[in-house]
Amino acid sequence: MHGIFTIYRKEMEDHFGSIRFLLIAALIVMVGVIIASMVGMSMQDELKGVAKPNFVFLLLFTSTGKLFSFTQFIGFLGPLIGIILGFDAVNRERTGRTLSKLVSQPIYRDAIINAKFLAGVTMIAIVMASLVLIISGLGIRLIGVVPGADEVWRLLIYLVLSILYISFWLGAAILFSVVFRSTATSALASLAAWIFLSFFVGLGGSFLADAVAPMQQTADVAQATEAFINNDRVQRIVSFLAPATLYGDATSTILDPLRKTPRSFILMGPLERLSLSRFQNPLPLVQSIVIVAPFMISLIAITFICFGICYMVFMRQEIRST
Amino acid sequence: MEKEIVIHMEGLTKRYGAQTVVDRLSLDVAEGEIFGFLGPNGAGKTTTMLMLLGLTEPTAGTVRVCGFDPARDPLKVKEIIGYLPENVGFYEDMDARQNLRYIARLNRIPDQVSTVRIDRLLDEVDLAKEAHKPVGSYSKGMKQRLGIAEVLIKEPRVVFLDEPTIGLDPDGTNKMLDMICALSRERQMTIFFSSHLLDQVQRISDRIGIMIKGKLVAAGPLAELAQRGLGLEEGEAYTLDQIYMKYFKEG
Ligand SMILES: Nc1ncnc2c1ncn2[C@@H]1O[C@H](COP(=O)(O)OP(=O)(O)OP(=O)(O)O)[C@@H](O)[C@H]1O
Ligand SMILES: [Mg+2]
């Protein structure tokens, strides 16, 4: 424990002094705030003369303004925070020749990885929490609505989800920093994994589903329905390997209790029409949590898999200073 | 009185694929001794040290450092040893004090204790004036001296120095050797150091081991090696050079 704490402290100092990290964090906070305030301003107009609809506050985070919603934005670019925090965690020490010194101190080797991971998670938590707080503050001013207890809980769960999601990428990046000796290679590998898992696995999922369980155009409704369900099931299984899909589905469930479909929706027209077109009753918070829990567990599980591989590679690795 | 054995190796072997880098090495080093580990490039000196430190696993054979197995009890070993790697690196944006403080903390040395020690050590290695500069701006010799300070901050029982004089100028080399000598004489530390430079090993070592292509071809006090290796009588002039070249040719 002692070793973890010492390394953690140093890593935190490094992160706060790292221009690279500060730049990406500033960029993400800035864009996130801009997106949310654009949404807030357009809602301002629509809310005029309308009785307060349910969960209007959460719409700040989920509704797509001109481009995309805040949650979609974090789903896309959030991983970059994790990658930037982790891609050179271990191989930086290797190229700086400090690693052989570090592992010859009386600390367990996993303490090095754990401390670096924890420091990264702390940074992620700081960035995400301040982002959510800034947007909430702006939202209160822009739309003049104070979030209810239910909404605050949902936001908190969203925050935890986002931290888990970005932490997965941190874990993956640390894994690459253990496997690859050069920092440039591990940065490229992390980016490649990010692009692959975020953009192609979703597509690949539907291709695979169509190949394995094609949808049928038959007159028999029962058969067609079954084929459709099978197809969807294959897609879901594949997408469970894609953190971005997991994250997207989970956030839309938790932040949008009125939603009918797990796909993202677009805020069009007045809010009244919007709520008419959807279920009248929102999903209770507890039910939302029940739905989201498996997504969270999947996110944690894939992070742990990264760690398992990390330990396997690093624990017995020979460490030379050349 | 027999001195305690602190480093014990028996049948120690390391293979990388088909290449045997360390071949059935058996060697004991006693408490307070300076053991010079001599060998040309690629002889397996660093590999032997890594096995002693538990930084790589032996293919076969046993290692004990102060009675502990570095592979099974890594923390016990690492608490009592200090290691200066071949090309020591530092956190370049931190200054000398911060680097030393970090290592001290990893060794659970309270800050009040380490503050005093850091000042004393920086004085000893002649870096007190430059202590506030970031280590990135240090010269090779300064880094090497800082490396020694870092090894000593935990007051180890056994010190492993991998080519401590590499890249130093003659003056720096002399100072380094004197410092190593003093450590052993004044603080009773056991010192295991490697080098491929004969005269240095000759100057400060109590005993010498010569390793060539993974095999320990000779080990013992200099005089003994000379007698055995060259068939010289006691008192006859010899240099380690002659001995070394003789073994080298045989190997
Ligand atoms: N990871 C590895 N895989 C394969 N061979 C290796 C590995 N590490 C070292 N070797 C080989 O082991 C041999 C001994 O290396 P070692 O570093 O122990 O030599 P050394 O005596 O320290 O030499 P030097 O004086 O150059 O530091 C070399 O021939 C090297 O090629
Ligand atoms: Mg070497």
Among the residues listed as A:VAL121, A:VAL127, A:VAL146, the single one being closer than 27 Å to A:MET38 by Cβ and open to solvent by 20 Å² or more (accessible area, probe 1.4 Å): A:VAL146
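Residues are listed down the side, and each one gets a yes or a no for (1) surrounded by fewer than 17 Cβ atoms within 10 Å (Cβ to Cβ); (2) within 16 Å of ligand 1 (Cβ to nearest atom):
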residue: B:LYS3; (1), (2): yes, no
residue: B:MET51; (1), (2): no, yes
residue: B:LEU75; (1), (2): yes, no
residue: B:MET94; (1), (2): no, no
Given the criteria in contact with a Ser or Thr (Cβ under 6 Å, 6 or more places away or on another chain), acidic (Asp, Glu) and either open to solvent by less than 40 Å² (accessible area, probe 1.4 Å) or modelled with pLDDT under 80 (or both), does A:ASP220 qualify? no
Quick count over segment B:87-108, residues being facing chain A (nearest Cβ under 7 Å), under 17 Å from A:ARG9 (Cβ atoms) and of a type outside the set (A, V, I, L, M, F, W, C), is 5
Filtering segment B:5-49 down to residues that are open to solvent by less than 10 Å² (accessible area, probe 1.4 Å), within 12 Å of ligand 1 (Cβ to nearest atom) and in a strand (DSSP E or B) yields B:VAL22, B:LEU25, B:PHE37, B:LEU38
Sort out which residues of segment A:118-175 are under 25 Å from A:ALA293 (Cβ atoms), at pLDDT below 90 and in a helix (DSSP H, G or I), and write them in order of number. A:ALA149, A:ASP150, A:GLU151
All-but-one check, B:VAL63 against (1) at pLDDT 95 or above; (2) under 22 Å from A:THR6 (Cβ atoms), failing number (2)
Over segment B:53-71, the set of residues within 15 Å of ligand 1 (Cβ to nearest atom), without any contact (Cβ under 8 Å) to a residue 24 or more places away in the chain and in contact with a helix residue (DSSP H, G or I) (Cβ under 7 Å, 6 or more places away or on another chain) is B:LEU55
Residues in segment A:260-268: is at least one modelled with pLDDT under 85, buried (at least 17 other Cβ atoms within 10 Å of the Cβ) and out of contact with any Leu (no Cβ under 7 Å at 6 or more places or on another chain)? yes
Hey, can you tell me all the residues within segment A:308-322 that are open to solvent by 70 Å² or more (accessible area, probe 1.4 Å) and near ligand 1 (Cβ under 10 Å from one of its atoms)? A:ARG320, A:THR322
Output the residue which, of all residues in segment B:103-162 that are of a type in the set (Val, Ile, Thr) and in a helix (DSSP H, G or I), is nearest to B:PHE90 (Cα to Cα). B:VAL135
For A:THR98, all conditions in the list (1) of a type outside the set (A, V, I, L, M, F, W, C); (2) open to solvent by 30 Å² or more (accessible area, probe 1.4 Å); (3) modelled with pLDDT of 85 or more hold save one; what is the number of the exception? (2)
Going by what's in this entry, would B:GLN188 be described as more than 16 Å from ligand 2 (Cβ to nearest atom), farther than 20 Å from B:LEU12 by Cα and surrounded by fewer than 15 Cβ atoms within 10 Å (Cβ to Cβ)? yes
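The values are calculated or read from the model by the stated rules, or taken from the named source; none is laboratory data. Note that the structure is a prediction, hence the values are computed from the model and not measured. Here the Cβ is made from the backbone with ideal geometry for all residues, glycine too, and neighbour counts use every protein chain on show. When the accessible area is computed, the model is the full protein with side chains, heavy atoms only, and any ligands, DNA or RNA have been set aside. Shrake-Rupley method; radii C 1.70, N 1.55, O 1.52, S 1.80 Å.
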